[in-house]
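Input: a single structure, listed below in structure tokens.
The values are calculated or read from the model by the stated rules, or taken from the named source; none is laboratory data. Quick caveat: nothing in here was measured; it's all calculated off a predicted structure. Positions of Cβ are backbone-derived with ideal geometry, glycine not excepted, and every protein chain shown enters the neighbour counts. Please note that ligands, DNA and RNA were not included when accessible areas were found on the heavy atoms of the full protein model with its side chains. Shrake-Rupley method; radii C 1.70, N 1.55, O 1.52, S 1.80 Å.
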Amino acid sequence: QVQLVESGGGLAQAGGSQRLSCAASGGTFSSSAMGWFRQAPGKEREFVAGINWKGTSTYYTDSVKGRFTISRDNAENTVYLQMNSLKPEDTAVYYCAAAKTYTIVIVTNMYDYWGQGTQVTVSS
């Protein structure tokens with residue numbers, strides 16, 4: 001069983017930056033693909049970014065390409081989401097998730113473990 005705890009959310013200005021962290025414990029983090037998702041009020045949870053088990057491959061949804069960067073530190077059992085050039089439409093609860101697979105997963109229901117989420121609010 002993997003436990004995931006996100007941190008780093010809060011209020012940001014449009015054009016600003018935030019860095020989210022997700023600390024994993026209790027499982028085989030270093031052999032799991034990781035992902036970041038977000039859910040805005042009244043909308044479905046959507047894939048934001050994914051990274052493979054080694055950290056050598058990443059994938060992003062189109063709306064965040066060039067602005068967000070996912071990375072991981074397997075020695076620290078942590079995955080990060082660096083968010084730059086934030087926009088009001090990035091406002092959502094952000095979740096990290098772990099999948100029992102080595103390769104990147106972009107489908108929500110293929111992830112096995114989820115964090116509790118952290119709120120990111122971007123003001124204009």
Problem - Amide N proximity, the stretch 86-103 versus residue 31 label position 7 Å along Cα-to-Cβ, cut-off under 15 Å - result: 99-103
Problem - Protection-proxy order for peptides 116-123, 61-68, 91-98, 20-27, each taking the mean of Cβ atoms within 10 Å per residue, highest first - result: 91-98, 20-27, 116-123, 61-68
Fill in the blank from the handout: One finds the C-alpha centres of the stretch 61-124 and the stretch 1-21 to be spaced, in Å, by 9 Å
Problem - Percentage of interatomic Cα-Cα distances in the chain larger than 24 Å - result: 18 percent
Completion exercise
Checking the stretch 1-48 for GluC sites (Glu not before Pro) in a loop per DSSP with at most 16 other beta-carbon atoms within 10 Å yields 44
Handout entry: For the stretch 43-124: accessible area per residue (Å², 1.4 Å)
Key = 52 Å²
Practice task
Excluding residues on the same chain fewer than 8 positions from residue 54, give the lysines whose Cα lies under 16 Å from its Cα.
Solution key: 100
Handout entry: Carbon + sulfur, % of accessible area of the chain - ligands and nucleic acids excluded, 1.4 Å
Key = 48 percent
Handout entry: Amide H contacts under 5 Å for residue 101, placed H, 5+ residues apart
Key = 33
